[in-house]
2 protein chains.
Amino acid sequence: MESFSLHPRLASDCHLIGELGLCRVLLLDDARYPWVILVPRRAGIREIFELNAADRDALLRESCLTGEFMMQAFAGDKLNIGALGNLVPQLHLHHIVRHAADPAWPGPVWGHSAAEPYPHDLLAERVACLREGLALV
Amino acid sequence: MESFSLHPRLASDCHLIGELGLCRVLLLDDARYPWVILVPRRAGIREIFELNAADRDALLRESCLTGEFMMQAFAGDKLNIGALGNLVPQLHLHHIVRHAADPAWPGPVWGHSAAEPYPHDLLAERVACLREGLALV
């Protein structure tokens, strides 16, 4: 059986922050938005409906945990969740905390403008917050 | 208890095609993309994590049913799923079948360009296909 390995584009665009029961948890390197990506550790899966029933349930549970924590921790106005994958076919689920004052509001963040990498201190703070809040291993 | 009513923006942008156990099923009036929107018939809900456990499960099940059928019926290259709601806060889940030749590919469809309303015959055909394939009532 093919084993899971993270798509190189996700590896290069994101910081690894830990693991949940099903998903690898990544922080997109764009300081303008709290933006977490969940990647089920399953090989060859492109769509949510391709997961088996137990994995679908786990993804939903981990997505709700992630989204609810992020909205509280970052005082969001709205959560945006998306599974697109037109460029990176490996199944991955975006969770972006949106604020009415953010650069792309009220439009979507995807395709809006180039990412602005995290400064070192803010990155460390945000990773610590997420690792603790989501109880990541 | 507040009762569910469809947000007027969704009502004006979409055609009603039927009901699933939890969700109202809408077809966005843009002939360029097979684009179905599921709206849980629950009042006052903005985020997936605000649904109770049974409704979360039903939304996932109905989303997978919808997405898998659409990908097969419309021979998609990739399914895009999204819960944004920056403009329309009522929880609604987009399902868009993407093709490598579609106008927005590989970018997101949201915010790309103005919708192109369905011609009458194509609308009737697509609604009939979805009503039958999803066993809508």
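The values are calculated or read from the model by the stated rules, or taken from the named source; none is laboratory data. Note that the structure is predicted; figures quoted are calculated from it, not measured. Cβ: placed from backbone, ideal geometry, glycine included. Neighbour counts: every protein chain shown. Protein only, heavy atoms only, side chains kept; ligands, DNA and RNA dropped before computing areas. Shrake-Rupley method; radii C 1.70, N 1.55, O 1.52, S 1.80 Å.
For the stretch B:10-41, the set of residues classified as touching a Leu at 6+ places or on another chain (Cβ under 7 Å), of a type outside the set (A, V, I, L, M, F, W, C) and open to solvent by 30 Å² or more (accessible area, probe 1.4 Å) consists of B:ASP13, B:HIS15, B:GLU19, B:ARG24, B:ARG41, listed by residue number. Looking across A:HIS99, A:HIS120, one residue alone is more than 30 Å from B:GLU68 (Cα to Cα) and either free of Cβ contacts under 8 Å to residues at least 12 places away in the same chain or at the interface with chain B (Cβ under 9 Å from one of its Cβ atoms) (or both). It is A:HIS120. Residues considered: B:LEU91, B:LEU130. Of these, the only one that is under 16 Å from the mean Cα position of the chain (by Cα), buried (at least 18 other Cβ atoms within 10 Å of the Cβ) and away from every other protein chain (no Cβ under 12 Å) is B:LEU130. Scan the stretch A:65-82 for residues that are open to solvent by less than 10 Å² (accessible area, probe 1.4 Å) and within 7 Å of another protein chain (Cβ to nearest Cβ) and report the count. Residues in the stretch A:65-82 being open to solvent by less than 10 Å² (accessible area, probe 1.4 Å) and within 7 Å of another protein chain (Cβ to nearest Cβ): 5 in total. A:HIS120 fulfils the conditions (1) in contact with a Lys or Arg (Cβ under 8 Å, 6 or more places away or on another chain); (2) open to solvent by 20 Å² or more (accessible area, probe 1.4 Å); (3) not small (Gly, Ala, Ser) except for a single criterion, (1). Quick one: in the stretch A:42-60, which of the residues that are without any contact (Cβ under 8 Å) to a residue 12 or more places away in the chain and buried (at least 18 other Cβ atoms within 10 Å of the Cβ) is nearest to A:VAL25 (Cα to Cα)? Restricting to residues being without any contact (Cβ under 8 Å) to a residue 12 or more places away in the chain and buried (at least 18 other Cβ atoms within 10 Å of the Cβ), the top hit is A:LEU60.
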